[in-house]
Amino acid sequence: MRRPLTFATAVATTWIIGAGTALAYPPDPPAAGTAASQLATLTVKAEGSTTGYSRDLFPHWSTVSGTCDTRDEVLKRDGTGVTVDANCEPTAGRWYSVYDATYVTDDSAVDIDHIVPLAEAWKSGANTWTTARRQQFANDRTIAQLIAVSASSNRSKGDKDPASWKPTNTSVHCIYAREWIWVKYTYKLALQSAEKTALQQMLNAC
């Protein structure tokens, strides 16, 4: 898939990755019109609590093949020049963090972000899921739920929804909203009123 050549020419239909760089990123989400339609079908209600929540209730990272787990696979997918050792740990590579428009060359400074955070999912309906369903959610590479970003941007985001946190790289607000909606729509998760308003505003950037 051809990626944007510059930040200036980028339209938020794909992740913005800088001049001439062709990288594999999460699967492209539905177009803005489809995302708006999906958003309209989601249940809006007061956000649940984190009572009983633990990251351990969302088993991750699952083994994908050999010594490679989900985190390893996302690091390989989202980076360029990535090489790994016998344990599937990166020995070299370069990652473009779309949230803050920075490059990272040390994999220890890269986090795998859940677009919809695990705690957010818990408060939105995942508290009623089976462990198997939560494991699927935490390791899902078939939709745009996992992405390699700088550790600093991921930790700034924490468990916040779009009403409380957005990427500092405003050029990706459109696709971030589309991906967030895609995940919630796929997993039938609810959202709160302020969250929906923030997503609608971000879709306006598309």
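Tell me the net charge near ALA35. Cut-off is 15 Å between Cβ atoms, ALA35 excluded, with +1 for each Lys or Arg and -1 for each Asp or Glu. In short, 0.
Cross-link partners for LYS157 among the aspartates and glutamates, with Cα-Cα distance under 12 Å and sequence neighbours closer than 8 places in the same chain left out: ASP100, ASP111, ASP113, GLU120. With contacts taken as Cα pairs under 8 Å and at least 6 residues apart, region 28-145 reaches a relative contact order of 30 percent.
Approximating the spin labels as points 7 Å out from Cα along Cα→Cβ, the ASP69-to-THR128 distance works out to 3.0 nm. For region 64-169, what does the alpha-carbon gyration tensor say about shape, rounded, prolate or oblate, given a ≥ b ≥ c as the root eigenvalues, a/c under 1.5 as rounded, and a/b over b/c as prolate? Judged from the Cα gyration tensor, region 64-169 comes out oblate (a/c at least 1.5, b/c at or above a/b). In the chain, helices alone account for a calculated mean residue ellipticity at 222 nm of -9000 deg cm²/dmol, with every DSSP H run of four or more residues adding -39,500 (n - 2.57). Per residue, the chain exposes an accessible area of 44 Å² to a 1.4 Å probe, with every protein chain left in place.
Working note: Karplus 6.51/-1.76/1.60 with θ = phi - 60° gives region 64-70 the couplings 9, 7, x, 8, 8, 9, 4 Hz, where Gly and Pro are set to x.
The values are calculated or read from the model by the stated rules, or taken from the named source; none is laboratory data. Note that the coordinates shown come from a computational prediction; the quantities given were computed from them, not determined experimentally. Reconstructed Cβ throughout: ideal geometry from the backbone, glycine too, with neighbour counts over all protein chains shown. For the accessible areas, the whole protein counts, side chains as well, though only heavy atoms, and no ligand, DNA or RNA atoms are used. Shrake-Rupley method; radii C 1.70, N 1.55, O 1.52, S 1.80 Å.
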